[in-house]
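The values are calculated or read from the model by the stated rules, or taken from the named source; none is laboratory data. Just so it is clear, the model here is predicted, and its values are computed rather than measured. Note that each Cβ is placed from the backbone with ideal geometry, even for glycine, and that neighbours are counted across all protein chains shown. Just the protein is used for accessible areas: all its heavy atoms, side chains included, with ligands, DNA and RNA removed. Shrake-Rupley method; radii C 1.70, N 1.55, O 1.52, S 1.80 Å.
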Amino acid sequence: MNTNLAQYKDLYIKTATKYVRDLQDGINKLQNNSADPAVIDSMYIAAHSLGSQSLVMGFTSTGQCCRSIEHVLYANKTKQTMPSASLQALLQPTIAKIAKSLQTIEESEQELSLEEQTQQLAPFEKV
Amino acid sequence: MKILIIEDDAFFQRFYATKLTENGFEVVTASDGEEGLAKIAQTQPDVILLDMIMPKKDGFEVLQEIAKMPNAVHIPVIIFSSLGQEKDVQRAKELGAVDYINKSVSDIEMLMAKIFQATKVAPNQKT
């Protein structure tokens, strides 16, 4: 990790953990058939913030995957739709892997590769 | 020069506040739109850095409120944006923002250049 950014690591882990929890809560609510737009708003803010922070800290794979989630949810927000069942089925394991990436970042300052998940989300960004 | 940062994310609040303080700026922070509007009135900053994606009152609503404040409408506002949201940047400029910076970029020199450009202050006159 860049030594200039090391001073922000603890705060990054603290805030990122909260955002991952928000994403997990949101996807759980969606899979329990929630149609509340506030769920999408909450997930969107979490993905936006977590993505931006991760990119600043140099965790590019994690950041770009969160960006993809942000863009997908942006599409849902603007169209006032809820994520499709197929998208939800993709989001759940993706969010789980983001959580694991955060864990490895905390332990070893190394992130997991989330390229595959980012590629899988790409088609949904245009919906 | 006094900078007000309106940003709900604790990581970015600390990150930008620290970087700008290290570079000689006086920094005030607010954690949401409503607090931000109150601090504009209280502190009369020279520049406002405004996050667009915040809970409760988002950046667009804050811009609309600033436009109605006679003692604040002249204060330049630079927004934080995300990649791929050019429409939001355009809308923010229509509401009075003078510039934007991508939040996932940690280039503080670019941010300072935009601040000086917004206030038409030469860098060696910043304090």
Q: Could you please give the count of residues in the range B:68-103 that are in contact with a Leu (Cβ under 7 Å, 6 or more places away or on another chain) and in a loop (DSSP other than H, G, I, E, B)?
A: 3
Q.
Just the residues that are over 12 Å from B:Phe15 (Cα atoms), within 14 Å of chain A (Cβ to nearest Cβ) and not charged (D, E, K, R), please, taken from the range B:102-117.
A. B:Asn102, B:Met110, B:Leu111
Q: Could you tell me whether B:Val105 is modelled with pLDDT under 90 and either over 21 Å from A:Cys66 (Cα atoms) or among the aliphatic types (A, V, I, L, M) (or both)?
A: yes
Q: State which residue is farthest from the chain's Cα centre (by Cα) when the search covers only the range A:52-75 and only residues that are of a type in the set (Gly, Ala, Ser) and at the interface with another protein chain (Cβ under 7 Å from one of its Cβ atoms).
A: A:Ser52
**Q.** Selection within the range B:52-90 - over 18 Å from B:Ala30 (Cα atoms) and open to solvent by less than 20 Å² (accessible area, probe 1.4 Å)
**A.** B:Ser82, B:Gln85, B:Val89
Q: Working only within the range B:30-48, note down all residues that are free of Cβ contacts under 8 Å to residues at least 60 places away in the same chain, under 22 Å from A:Val56 (Cβ atoms) and open to solvent by less than 40 Å² (accessible area, probe 1.4 Å).
A: B:Ala30, B:Asp32, B:Gly36, B:Ile48
Q. Which residue pairs have Cβ atoms closer than 7 Å, lie 6 or more positions apart in sequence or on different chains, and pair a first residue in the range B:92-109 that is in contact (Cβ under 8 Å) with a residue 60 or more places away in the chain with a second residue that is of a type in the set (Val, Ile, Thr) and open to solvent by less than 20 Å² (accessible area, probe 1.4 Å)?
A. B:Ser106/A:Val56
Q. Out of all the residues in the range B:1-25, which are more than 21 Å from B:Asp107 (Cβ to Cβ) and either open to solvent by less than 30 Å² (accessible area, probe 1.4 Å) or at pLDDT 95 or above (or both)?
A. B:Lys2
Q) Across the range A:1-36, what is the number of residues that are within 13 Å of chain B (Cβ to nearest Cβ) and not acidic (Asp, Glu)? A) 17
**Q.** Residue pairs meeting the criteria (Cβ under 6 Å; at least 6 apart or on separate chains; first under 21 Å from B:Lys120 (Cβ atoms), in the range B:56-81; second part of a strand (DSSP E or B) and open to solvent by less than 60 Å² (accessible area, probe 1.4 Å))
**A.** B:Ile75/B:Ile48; B:Pro76/B:Val47; B:Val77/B:Ile48; B:Val77/B:Leu50; B:Ile78/B:Leu49; B:Ile78/B:Asp99; B:Ile79/B:Leu50
**Q.** Single residue of the range B:1-28 satisfying the filter (of a type outside the set (A, V, I, L, M, F, W, C) and more than 19 Å from A:Ser52 (Cα to Cα)) that is nearest to the other protein chains (Cβ to nearest Cβ)
**A.** B:Glu22
